[in-house]
Amino acid sequence: MPALPAGYGLISLPEVDSTNAEAIRRARAGEADRTVVWALEQTGGRGRRGRAWKTGPGNLACTLLLRPDVAPNVAAQLGFVAALAIADMAVALLPEAMVRVKWPNDVLVDERKVSGILIESMAGVGGRIEWVAVGIGVNLVGHPVDTETPATDLATAGAGVVSPGRALSLLIDRFERWLVPWQAGGFESLREAWLERAWRLGETIRVRLERETMEGRFAGLDRDGVLVLELSSGLKRYVAAGEVFPVGGPGEGDAAGGGRR
């Protein structure tokens, strides 16, 4: 069984419709903070905006159930915690230069997407968060093809075959390392580390919003994790939610380009 940090509980399943869905069911039934739901196979994994996320045999599918005492917009920052944890896991298996984080919460290996993250939550009394489900999928030995954002897996990238159990142990260990400073200081405590690995920082990127697409220089992130885009006019746009692409890159949605679960 995977070795998890002190304070974490593990629910291990051979198969489930979705680890996020299972974590949410258990959250509503009163499951404790820092519970990890792990399944060897998912039959109905979900991504952002209703996209599908397929978890093939040998890949990692898990969800962390957390109960932070924060507002909903702050809980969304857990996507940065998860991305840094995945990046750390990948760096433990591959050269660091190969691994980058792409705003808001993708992890790339050699410019190809290796993971997906989906954050779901429910607010309780007073608008504070009652629980957060942080769904994480990592391509360990296989990846989808014909996707908007090109994908890869850790084995193809040169890490060899990594078992889902070993990957889960690495992931949760790194997640806890970033969760602790986030709980103490919010995104500002993670900002420098995230930017050190940021994909296309200082370069021109394309940002797709719900009703418009724009191009500009990726100037950084503010203290809350909002993307700062410097337009050709010199004006700055602050983007709280959207998708980013290289200039001249893909345009429309796909099954593996978004989050997961």
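Please treat every number below as a calculation from the coordinates, not as lab data. The structure presented is a predicted model; accordingly, all values stated were derived computationally and were not measured. A quick note on method: Cβ atoms are made from the backbone with ideal geometry, for glycine too, and the neighbour counts reach across all protein chains shown.
Near LEU10, the amide H atoms lying under 5 Å from its own belong to VAL36; only residues 5 or more places off or on other chains count, and H is placed 1.01 Å from N. Residue separation of GLU96 and ARG166 scaled by 0.36 nm, minus their Cα-Cα distance, works out to 23.3 nm of gained length. Rounded to the nearest 500, the helix-only mean residue ellipticity at 222 nm of the chain stands at -7000 deg cm²/dmol, with each DSSP H run of n ≥ 4 adding -39,500 (n - 2.57).
Build a GNM of the chain with springs between Cα atoms under 10 Å apart, and of PRO68, PRO246, PRO14 the one that fluctuates most is PRO14. In order along the range 161-169, the Karplus-derived 3J(HN,Hα) couplings, from 6.51 cos²θ - 1.76 cosθ + 1.60 at θ = phi - 60°, round to 7, 10, 5, x, x, 5, 4, 5, 4 Hz, and Gly and Pro are given as x.
Note on ALA240 and VAL125: their simple-model spin labels are 2.7 nm apart, each label 7 Å out from Cα toward Cβ.
Counting only DSSP beta bridges with both residues in the chain, the antiparallel share comes to about 85 percent. Here the Karplus relation 6.51 cos²θ - 1.76 cosθ + 1.60, evaluated at θ = phi - 60°, turns the backbone of the range 93-101 into coupling constants of 10, 9, x, 4, 4, 7, 9, 9, 9 Hz, with x for every Gly and Pro.
Ordered from longest to shortest, the equivalent ellipsoid semi-axes for the range 204-246 are 14, 13, 9 Å, each the square root of 5 times a Cα gyration tensor eigenvalue.
Packing, taken as the mean count of other beta carbons within 10 Å per residue, orders the peptides 155-165, 227-237, 115-125 from highest to lowest as 115-125, 155-165, 227-237. Contact order for the chain, expressed relative to its length and based on alpha carbon pairs under 8 Å spaced 6+ residues apart, stands at 22 percent. Note on ASP146 and ASP110: their simple-model spin labels are 2.3 nm apart, each label 7 Å out from Cα toward Cβ. As an equivalent ellipsoid, the chain spans semi-axes of 27, 22, 17 angstrom, where each value is the square root of five times an eigenvalue of the C-alpha gyration tensor, largest first.
For TRP103, the residues whose amide H sits under 5 Å from its own are TRP199, ignoring neighbours fewer than 5 places away on the same chain, with H placed 1.01 Å from N.
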